[in-house]
Amino acid sequence: MRPVLLLVDLQNDFLNAPGLEPAARVVIANARRLLDAARAAGVPVLHAITAVDASGRDAMPHWSTQPRLRCVRGTPGHAEPPELSPVDGEETVSKAFFSAFSATELDRALAAARADTLLVAGVHLHGCVRATVLDAYQRGLAVWIAEDAVASDDPLHAAVTRRYLEGRAARFASVTSLIARLKGHAPEDDADPRLVNEAVRRAREANVSWSALPPGARSGILAALAERLEADGERSELARRMAVEVGKPVSQGEAEVRRTAELLRHAAALGVAPPGPVPAGSGSAFRRVPLGVVAAITPWNNPLAIPWGKLGPALALGNTAVWKPAPAATAIAGRSLELAHAAGLPDGVVRLVAGDHRAAAAVMSDPGVDAVTLSGSSAAGWAAQEICARRRIPLQAELGGNNAAIVWTGADLDRAASQVARGAFAFAGQRCTANRRAIVADALFPEFRERVLAAVASLHWGDPLDPETEIGPLVSVEARDRVAAAVAEAAAGGAQTATPHRASPDPAGPRAWYPPTVVADAAPESAIVQEETFGPVLVLQRARTFDEALALANGVRQGLVAALFAGPGSWNERFAREAQSGVLKWNLSTADADASAPFGGWKASGLGPPEHGPGDLEFYSRLQALYGAP
């Protein structure tokens, strides 16, 4: 392999565009990692950038309809960020149209390097990156796209583009995987379509007998699984596995096992008395019937509660399932499935598929799958939305949160500080309901800040196997570095940061430690405010009026959970009326949720019916009208 790294349009005007996914700081950080690795390996680097004249005479024709030109020569927007700027020996080619090959110098530079492989990072995946990749394919080059170092301001179009390119002109891999390839370590592919197809086929076969079982029999198996999970030895062992494999403190792991059992019991109750047929009118009725085979795509951070919160109601209502857990949670998933079989679950009713996002895409795309339920990132949601829309099958997706608690007049500040701190930092903030932000009345801000810092300092940060630990490590070094970069960017932008815990619990150990950090006075438009850090970071924001507090709370793409700490006053009614979140709380942290209540986000936090409560019946079964009589 004779590779060349090509950076496409990683310029300030494109990176600063609204709606870019992933966020600019993520793309820049990942592109920099790949750039450093390429330089270290002696791989040639080329920078392809858009450059137009201020008059617009050489701009693409459709740019004439836009309010301003982008990437005008000599302007700051034309430049690459300093982290990605070329060094001596790296060539820059200027283009005016989509493909980097519209600059004739690119063909010459690739020929001089005798390149047979192109590694690509850049923006936009649906536009200039796509055009460049197709032209590279036409020239016979093997193309690898750094999936976490490309971005788009049209993420659904980007998801379509990815599927189109991956089946034809390019392969996608993470920056970590590409760096391994540059070092001569080619990771094995993780999505054998034959294994996926076999899993779906087995689930389809099992569906015939499973859906025909009396509802009480299905519910009895789920209740028996709940009992096995709650047995002291098994609960402790599963909690220990979570601590070892994903860094979840054992006390929180045990709580998750108990919550999983509670979710299963709610699911069992759902299946005891299935609805219908229900008379609808003269000679007609309706009933609910199972969907068939449900694909469950689940994350690593709640490796039991989230999956079985999906699988439980799916099974209770007569569906079978193919379960694709996150790689870090695969072993825990396997053990829980062993317990389910011991509780009486027939083989094939739930089939486990291991692998990364490629395996998830293969499962969702399989024609034997009738619906998809997913918990994951925004990018995972766009990919699932594209697949399910193309196949016209139902999708339920929980896509994270950037949750705010408003601390207002009359609040019990000690309670608010304690609740917010624990909600922000338990499990190092690695849960979708974590308290990411606290929006505080300006007059209360100094006192609340001191109290929340004290509350954070009182939380035990340490070994996840220690029963006293509340804050453990992050799941990976990559996650730690991502959080560190977000905080560093906020500090460089003028935000104030504080770390109540000074020393790492185990600085010489293999864990990815990051100190619990409180960030104050970041600009509302900054990345630390707008993007979900998914780490041990709490952002404090000031508000002079309740109007401003609500605007700040609602002023992010997500809308999963919002909370209000306040005394009596009209703000309680306004919060209930105007907060744009699927879950609202008073005088409680945004973290945690009841097993019987609907759980789902608004805006970018979710798609489809909410999980749990009435959402289970709505999603895992469908209505069928009946006329006449057999």
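Can you confirm whether the range 48-55 contains a residue that is open to solvent by less than 20 Å² (accessible area, probe 1.4 Å), among the β-branched types (Val, Ile, Thr) and within 19 Å of Leu141 (Cα to Cα)?
As a first pass, look at the range 48-55 and keep what is open to solvent by less than 20 Å² (accessible area, probe 1.4 Å): 48-52.
Applying the additional criterion that residues be among the β-branched types (Val, Ile, Thr) yields 49-50, 52.
Still in the list and also within 19 Å of Leu141 (Cα to Cα): none.
Among the residues of the range 48-55, not one is open to solvent by less than 20 Å² (accessible area, probe 1.4 Å), among the β-branched types (Val, Ile, Thr) and within 19 Å of Leu141 (Cα to Cα), which makes the answer no.
Of all residues in the range 282-340, those satisfying the criterion of being of a type in the set (Gly, Ala, Ser) and within 23 Å of Pro614 (Cβ to Cβ) are Ala285, Gly292, Ala295, Ala296, Ala305, Gly309, Gly312, Ala314, Ala316, Gly318, Ala321.
Would you kindly identify the strands (runs of 3 or more DSSP E) lying entirely within the range 237-315 that contain at least 1 residues that are surrounded by 24 or more Cβ atoms within 10 Å (Cβ to Cβ)?
Here the list reads 293-298.
The single condition from (1) open to solvent by 40 Å² or more (accessible area, probe 1.4 Å); (2) within 16 Å of Glu398 (Cα to Cα); (3) not polar (S, T, N, Q) that Gly615 fails is (1). Is it the case that Gly74 is farther than 21 Å from Val175 by Cα, at pLDDT 95 or above and not in a helix (DSSP H, G or I)? When the stated conditions are applied, Gly74 does not pass them. A Cβ distance below 8 Å, combined with a sequence gap of six or more or placement on separate chains, defines the contacts here; from the range 521-542, residues that are on the phi < 0 side of the Ramachandran plot and without any contact (Cβ under 8 Å) to a residue 40 or more places away in the chain reach residues that are open to solvent by less than 30 Å² (accessible area, probe 1.4 Å) and in a loop (DSSP other than H, G, I, E, B) in the pairs Ala522/Ala495; Ala523/Ala495; Ser526/Ala495. Give the residues of the range 2-47 that are open to solvent by less than 50 Å² (accessible area, probe 1.4 Å) and charged (D, E, K, R), sorted by residue number. Correct list: Asp9, Asp13, Glu21, Arg25.
Within the range 18-63, work out how many residues are under 30 Å from Gly555 (Cα atoms), in contact with a Lys or Arg (Cβ under 8 Å, 6 or more places away or on another chain) and in contact (Cβ under 8 Å) with a residue 60 or more places away in the chain. Spell out how you get there, then give the answer.
Here is the first cut: in the range 18-63, the ones under 30 Å from Gly555 (Cα atoms) are 18-32, 63.
Filter once more, keeping what is in contact with a Lys or Arg (Cβ under 8 Å, 6 or more places away or on another chain): 26, 29, 63.
Right, trim to in contact (Cβ under 8 Å) with a residue 60 or more places away in the chain and you get 26, 29.
Of the residues in that region, 2 qualify.
In the set (1) surrounded by fewer than 22 Cβ atoms within 10 Å (Cβ to Cβ); (2) modelled with pLDDT under 95; (3) touching a Phe, Trp or Tyr at 6+ places or on another chain (Cβ under 8 Å), the condition left unmet by Ser378 is number (3). If the condition is being in a loop (DSSP other than H, G, I, E, B) and in contact (Cβ under 8 Å) with a residue 40 or more places away in the chain, then the range 368-382 contributes Gly368, Val369, Asp370, Gly376. Contact annotation: residue pairs with Cβ atoms under 6 Å, 6 or more positions apart or on different chains, pairing a residue in the range 110-129 that is in a strand (DSSP E or B) with a partner that is among the small types (Gly, Ala, Ser) and surrounded by fewer than 24 Cβ atoms within 10 Å (Cβ to Cβ), are Thr117/Ala142. Taking the listed residues Ala206, Ala217, Ala223, the one that is farther than 19 Å from Thr330 by Cβ and either of a type in the set (Val, Ile, Thr) or open to solvent by 40 Å² or more (accessible area, probe 1.4 Å) (or both) is Ala217, with no other qualifying.
Mind telling me which of the residues Ala217, Ala203, Ala199, Ala158 ends up being within 30 Å of Ala24 (Cβ to Cβ) and either touching a Gly at 6+ places or on another chain (Cβ under 9 Å) or part of a helix (DSSP H, G or I) (or both)? Reasoning before the result, please.
Details: Ala217 fails: within 30 Å of Ala24 (Cβ to Cβ); Ala203 fails: within 30 Å of Ala24 (Cβ to Cβ); Ala199 fails: within 30 Å of Ala24 (Cβ to Cβ).
Testing whether each residue is within 30 Å of Ala24 (Cβ to Cβ) and either touching a Gly at 6+ places or on another chain (Cβ under 9 Å) or part of a helix (DSSP H, G or I) (or both) leaves just Ala158.
Only one entry of Ser236, Ser282 meets the criterion of being free of Cβ contacts under 8 Å to residues at least 12 places away in the same chain and of a type in the set (S, T, N, Q), and that entry is Ser282. Considering only residues that are without any contact (Cβ under 8 Å) to a residue 24 or more places away in the chain, open to solvent by 20 Å² or more (accessible area, probe 1.4 Å) and in contact with a Leu (Cβ under 9 Å, 6 or more places away or on another chain), which ones fall in the range 335-358? Scanning the range 335-358 gives no hits.
The values are calculated or read from the model by the stated rules, or taken from the named source; none is laboratory data. A quick note: this is a predicted structure, and the numbers were derived from the prediction, not measured. Cβ atoms come from the backbone with ideal geometry, glycine included; neighbour counts cover every protein chain shown. With ligands, DNA and RNA removed, areas are computed over all heavy atoms of the protein, side chains included. Shrake-Rupley method; radii C 1.70, N 1.55, O 1.52, S 1.80 Å.
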